[in-house]
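Accompanying notes for the structure given below.
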Amino acid sequence: MNEELRSAVAAGVLGAEENYRGLLQSIVEVARAIFRAKASSIFLLDEEADELVFEAVAGEGSESLVGRRFPSSTGIAGFVLVSRQPLVIEDVLEDPRFSRDTAESTGFVPKGLMAVPLLHEERALGVLEVLDRPSDARFTLAEMGLLGLFANQAAIALDLLQRARRAQSALAGEGELAVLARLAAALEDRREEGTPDSALRFLQALEDLL
């Protein structure tokens, strides 16, 4: 069985894209509330297109930004993705890495931000940003630790979201892999409904045969 399909079935993510999108949205909403920020966002790296995609947004721009794309090397988010290093910037307009044109295109130009890469199994999956905390709030190492906890959860959710999308792509395709994907999804559904493990044993036997 295709490795991506096997991992998707094992993680139970077939057909679960909305669940993981909801989790990502919860992460940005809680991060925004805890840091008392104007906005928070999660970007996903689309490796094929080499672009960063807004996957979840809370606060400023939340109604229009999800799905927007820009080149993965753009701005501070692009720098954090490539360098895999977190950043705290009090005045982005003084930072040469900041892309004002990109920010203006979103309808919101922040003054300051915190950004952290979303890493999972040595892969850079995206970036989490928290924008415009209160001006009287001094940054602390404890805050970076807290942001790191949010980043860990977001990276797990992004990884599962990517697996779900790959599995759905296989289900929608043609040929032997698509047939196997649909069979695997059907057996997984039956197992979740309480069907005895005979369904899983059948799937494993089919895998051995192939």
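A few notes on this one:
- Label point distance in nm, residue 144-residue 30, each placed 7 Å from Cα along Cα→Cβ: 2.3
- What a 1.4 Å probe finds exposed on the stretch 12-75 is 43% carbon and sulfur by accessible area, rounded to a whole percent.
- Separation of alpha-carbon centers, the stretch 50-64 and the stretch 107-122, rounded to whole Å: 11
- Qualifying GluC sites (Glu not before Pro) in the stretch 9-99, DSSP loop, other Cβ atoms within 10 Å at most 16: 47, 48, 63, 90
- Solvent exposure of the stretch 25-115, expressed per residue, is 50 Å² of accessible area, with all protein chains present and a 1.4 angstrom probe.
- The stretch 79-163, accessible surface, carbon-and-sulfur percent (1.4 angstrom probe): 54
- Theoretical gain in end-to-end length, residue 101 to residue 152 [0.36 nm per residue, Cα-Cα removed]: 15.4 nm
- Relative contact order (%) - the stretch 68-176, alpha-carbon pairs under 8 angstrom, separation at least six: 21
- Take each peptide in 138-144, 159-165, count the other Cβ atoms within 10 Å of every residue, and average; sorted highest first, the result is 159-165, 138-144.
- At full extension, residue 19 and residue 121 could sit 34.6 nm farther apart than now, given 0.36 nm per residue minus the alpha carbon distance.
- Note on the stretch 84-137: with charges restricted to the Cβ of Lys and Arg (+1) and Asp and Glu (-1), its dipole about the Cα centre is near 140 debye.
The values are calculated or read from the model by the stated rules, or taken from the named source; none is laboratory data. Here the structure is a predicted model, which means the values were calculated and not measured. Please note: Cβ atoms are built from the backbone with ideal geometry, for glycine as well, and neighbour counts cover all protein chains shown. Areas reflect the complete protein model, heavy atoms only, side chains present, ligands, DNA and RNA absent. Shrake-Rupley method; radii C 1.70, N 1.55, O 1.52, S 1.80 Å.
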